[in-house]
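This report refers to the structure that appears directly beneath it.
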């Protein structure tokens, strides 16, 4: 039997800090799922969306492309890291008991099966279905006479001048090919050397500056030829005087993780810029080749790249399926996509012209993408224009390519306001973009901070300092997602707008800490990593354990992107043993193993993969009936709790807290896109026989549209009828009830 905790916390090895012999520990390897294998199961759920015929055809194609994009990053970062451990001779086992060598073996086995399923679905289902709808993908040998004339002319005038064949011999070594670049390996022999049969090897780089899909004339819809297929059909032109023996398209994935000595770097921005150049040339971790590759070419590439058989993926179709993302947006095929979504105006802001006046009335909760991200942009834009605004402070982790927020911050600085922006240069794969934005902001006069040494700043916070009637009022936005107006249209996130003094004071202390040396004596509302967030979560779980009784068990609902932190998992196991009922909504990686007798019987793990990317982090604690809701930028991963600057903040207004709780409960009722994690680490679709069919994302989408329609009608009434503002104002509690029902 598991006994209730008396406040002890587990140490790094999994044993309780209270070393009483009767206390159960949870550091056995069978209690944990390997992180990398769990991620692959997540990508399998993405692949299942491509297989799901209830999704529109082009949406299924998009999911198939996302699988490839996900695998690219997985190999460049995670697999590369495990390979580094193996090559360094490390034999340390992960929490699930696997050595680096064992992990790589299982990763390869699982990924090969996934890629086989991915291409089988593309070739046997998606491409034939697209052909039926008038979208054709043709091989060069399938072209009719007019199409052949068109592509040959296109090759001669557009492609041929760009190509550079690279011979490989004693004086010209195998070229250093960039990460994720597409190339063609060619075996050939000179026409005047037929007696000796001397074979030559060359590489042709497929130009990334040209579109990979070449549209060709088609009488019944759209038709496309792949760039590499056209180049291969014209190799005799490119290598005149030679016979082409074999050719094959291939693609290399390299280690792309940055290694920056932040302590020794005099200029962090310059150091990261230099590392970005190295990313293209990291060690090879994966080779993709097309099916039918000759044994000679395969063995040549394998030997030169020093890869094992398990690192080579032979695929019966186009390499790098992310190319199909262009087809997903093909004009004229709206019937093959989801109906276009227009985010609704948040109900609390309907009729409000001044964002500051609206926030001064009450706290405002935003639920993206169902509700518009525009209020967040407008907060910064109005602050830039408002003469009463004295200062704006903000963190930026990932922003869009044409960021309205960055433009507003630059405008504010040009108008003489104090603008401080913490730009995280180490946001993986967004480093280059963030460097460009940082330079733009500096030129405009903003004070730019490049993150903190040894830590990534992942917190999402805006502070606006405004002078009002002889006093200072602080307006704060706190969010679970990035300040990216592009991804806000398909990432689910919560945001909170408030001018409560306690939040304003905390926001001031936060920026003083990250930009200077000030350490807040005590947070009033928020909690921050890496110093106090882990302990805060421990206390909240411990409190739930203490309040739990057989008659009224405790209750935790936690929604996040990933759960990997070993010590947090141990805390959840202890809570489960104490009878606390725990529902985890984890989109991606989950290393906790539910349903273990005597350990995790009271833990259920749900994953929802659908049209929108589930991104918000929300944490509910029953607290003996005095419920508390927290939102955060942090997942329960060791990197978030120990190596990042993160924020946790409460939802104080009862109506808003109830909205968040209702959102979580609705997701737990999902029986269409929800999958349940089994003890063996696999997932199955939730099946609730006899229950009404419910897809949570569709519910929120329809619910927001209904609210939007009501809000628009009410807004028309307010603007055409002179009413007393006080009489027309609804209480937060009344508003909350309308939003929930």
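Conditions (1) outside any helix (DSSP H, G or I); (2) at pLDDT 95 or above, marked per residue:
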{"site": "82", "(1), (2)": "no, no"}
{"site": "86", "(1), (2)": "no, no"}
{"site": "90", "(1), (2)": "yes, no"}
{"site": "113", "(1), (2)": "no, yes"}
{"site": "117", "(1), (2)": "no, yes"}
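Restricting attention to the range 82-101, does a residue exist that is surrounded by fewer than 16 Cβ atoms within 10 Å (Cβ to Cβ) and within 18 Å of the chain's Cα centre (by Cα)?
No - not one qualifying residue is present in the range 82-101.
Conditions (1) crowded, with 19+ Cβ neighbours inside 10 Å; (2) closer than 25 Å to residue 704 by Cβ; (3) out of contact with any helix residue (DSSP H, G or I) (no Cβ under 8 Å at 6 or more places or on another chain), marked per residue:
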{"site": "369", "(1), (2), (3)": "yes, yes, no"}
{"site": "374", "(1), (2), (3)": "no, yes, yes"}
{"site": "387", "(1), (2), (3)": "no, no, yes"}
{"site": "399", "(1), (2), (3)": "yes, yes, no"}
{"site": "413", "(1), (2), (3)": "yes, no, no"}
{"site": "432", "(1), (2), (3)": "no, no, no"}
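Taking the condition of being within 26 Å of the chain's Cα centre (by Cα) and assigned to a loop (DSSP other than H, G, I, E, B), how many residues in the range 607-636 meet it?
Matching residues across the range 607-636 total 9.
Kindly list the number of the only condition in (1) outside any helix (DSSP H, G or I); (2) surrounded by 15 or more Cβ atoms within 10 Å (Cβ to Cβ); (3) at pLDDT below 95 that fails for residue 55.
Here residue 55 clears every test but (3).
Looking at 544, 551, can you tell me which residue is in the same structural domain as residue 649 (by TED's automatic domain parsing), over 16 Å from residue 32 (Cβ atoms) and in contact with a helix residue (DSSP H, G or I) (Cβ under 7 Å, 6 or more places away or on another chain)?
Within the list 544, 551, the selection yields 544.
Restricting to the range 226-254, what's the tally of residues that are touching a helix residue (DSSP H, G or I) at 6+ places or on another chain (Cβ under 6 Å) and under 22 Å from residue 157 (Cα atoms)?
So the count comes out to 5.
With buried (at least 19 other Cβ atoms within 10 Å of the Cβ) and without any contact (Cβ under 8 Å) to a residue 40 or more places away in the chain as the only criterion, which of 634, 657 stands out?
Matching residue, one of 634, 657: 657.
Within the range 340-348, is even one residue at pLDDT 95 or above and outside any loop (DSSP other than H, G, I, E, B)?
Scanning the range 340-348 turns up no residue that is at pLDDT 95 or above and outside any loop (DSSP other than H, G, I, E, B).
Would a scan of the range 21-33 turn up a residue that is surrounded by 21 or more Cβ atoms within 10 Å (Cβ to Cβ), touching a helix residue (DSSP H, G or I) at 6+ places or on another chain (Cβ under 8 Å) and modelled with pLDDT of 95 or more?
Yes, the conditions are met somewhere in the range 21-33.
Taking the stated definitions as given, is residue 659 more than 30 Å from residue 25 (Cβ to Cβ), assigned to a helix (DSSP H, G or I) and either modelled with pLDDT under 95 or not assigned by TED's automatic domain parsing to the domain that holds residue 513 (or both)?
yes
Which residue is surrounded by the most Cβ atoms within 10 Å (Cβ to Cβ), if the candidates are limited to the range 637-654 and must be more than 20 Å from the chain's Cα centre (by Cα) and part of a strand (DSSP E or B)?
Ranking the candidates gives 649 first.
Mind listing whichever residues of the range 293-339 are assigned to a loop (DSSP other than H, G, I, E, B) and either closer than 22 Å to residue 108 by Cα or over 30 Å from the mean Cα position of the chain (by Cα) (or both)?
Within the range 293-339, 293, 294, 306, 307, 308, 316, 317, 318, 319, 320 qualify.
Could you please give the count of residues in the range 128-138 that are in contact (Cβ under 8 Å) with a residue 24 or more places away in the chain, surrounded by fewer than 17 Cβ atoms within 10 Å (Cβ to Cβ) and part of a helix (DSSP H, G or I)?
Of the residues in that region, 1 qualify.
Out of the range 93-111, which residues are part of a loop (DSSP other than H, G, I, E, B) and either within 18 Å of residue 589 (Cα to Cα) or in contact with a strand residue (DSSP E or B) (Cβ under 6 Å, 6 or more places away or on another chain) (or both)?
Of everything in the range 93-111, those that are part of a loop (DSSP other than H, G, I, E, B) and either within 18 Å of residue 589 (Cα to Cα) or in contact with a strand residue (DSSP E or B) (Cβ under 6 Å, 6 or more places away or on another chain) (or both) turn out to be 94, 95, 96, 97, 98.
With respect to residue 489, determine if the residue is outside the structural domain of residue 644 (by TED's automatic domain parsing) and within 16 Å of the chain's Cα centre (by Cα).
Answer is yes for this residue.
Consider residue 489 against the criteria (1) in contact (Cβ under 8 Å) with a residue 40 or more places away in the chain; (2) crowded, with 18+ Cβ neighbours inside 10 Å: it satisfies all of them except one. Which criterion is unmet?
All conditions pass for residue 489, except number (2).
Scan the range 422-430 and give yes if some residue there is modelled with pLDDT of 90 or more, touching a helix residue (DSSP H, G or I) at 6+ places or on another chain (Cβ under 9 Å) and not assigned by TED's automatic domain parsing to the domain that holds residue 559, otherwise no.
Yes: one or more hits.
Return yes or no: is residue 572 free of Cβ contacts under 8 Å to residues at least 60 places away in the same chain, under 27 Å from residue 481 (Cα atoms) and crowded, with 23+ Cβ neighbours inside 10 Å?
When the stated conditions are applied, residue 572 passes them.
The values are calculated or read from the model by the stated rules, or taken from the named source; none is laboratory data. Computed from a predicted structure; not experimentally measured. Here Cβ is always computed from backbone atoms with ideal geometry, including for glycine, and neighbour counts include all displayed protein chains.
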